Amino acid sequence: MKNKNIEIMGFKKFIKHYLLGESVKEMELNRILDKVSKKQNLGDKEQKFLDLYNSTSEEDMKDYMYLSKSTTFNKIKNLLERGKTVICDLYDRNGKIGIKIKDIENDFENEICVLTLKDGEKHNLHDKFLYNIIYDGRKDTYSLQVQDEYHELIPVKNED
């Protein structure tokens, strides 16, 4: 039943955000204000959100979808430079990685992009994937995920 409620809440969030034009920042503020009006205690992150409300931009709470390897590099580099936490939620042969990204490098000549993770492990980004960077407001972190893998079709000439 809990998953069903989460799905419904996610759908309501989608409707508000995309159809009604309410920003993620406004939705979070409204959620916190509802809690205040019900005289419920605020958590540390909610209090921090209110304290930083005027200095927090919509850009700080944005999801990035269908990104190329190059664009993913630029977004992650920018987030890390701004002191944001980005978690590598890509998969390797052992399953979901789930480790904080410490640094990212892009070698344009060799066409590789390397993530350096908190534990020193390295993971490559590939041109054959599209990536998402999803903001988690509850944890104030971003999650790097694979959107899709794609292949270029090579036209084959039919001799018949």
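No value in this document is a laboratory result; all are computed from the given coordinates. As the structure is a computational prediction, the values presented were derived from the model and not from experiment. We place every Cβ from the backbone using ideal geometry, glycine too, and count neighbours over all the protein chains shown.
Remark: Ser143, Ser70 ranked as Ser70, Ser143, counting other beta-carbon atoms within 10 Å and listing the fewest first.
Counting neighbouring beta carbons within 10 Å and listing from fewest to most, the residues Tyr66, Tyr131 come out as Tyr66, Tyr131. Taken one residue at a time, the phi angles of segment 127-142 give Karplus couplings (6.51, -1.76, 1.60, θ = phi - 60°) of 5, 7, 10, 9, 10, 10, 10, 10, 7, 10, x, 5, 9, 6, 9, 10 Hz. Gly and Pro are set to x. Applying the Karplus relation 6.51 cos²θ - 1.76 cosθ + 1.60 with θ = phi - 60° to segment 79-87 yields 3J(HN,Hα) values of 4, 5, 5, 8, x, 7, 9, 10, 9 Hz, where x marks Gly and Pro.
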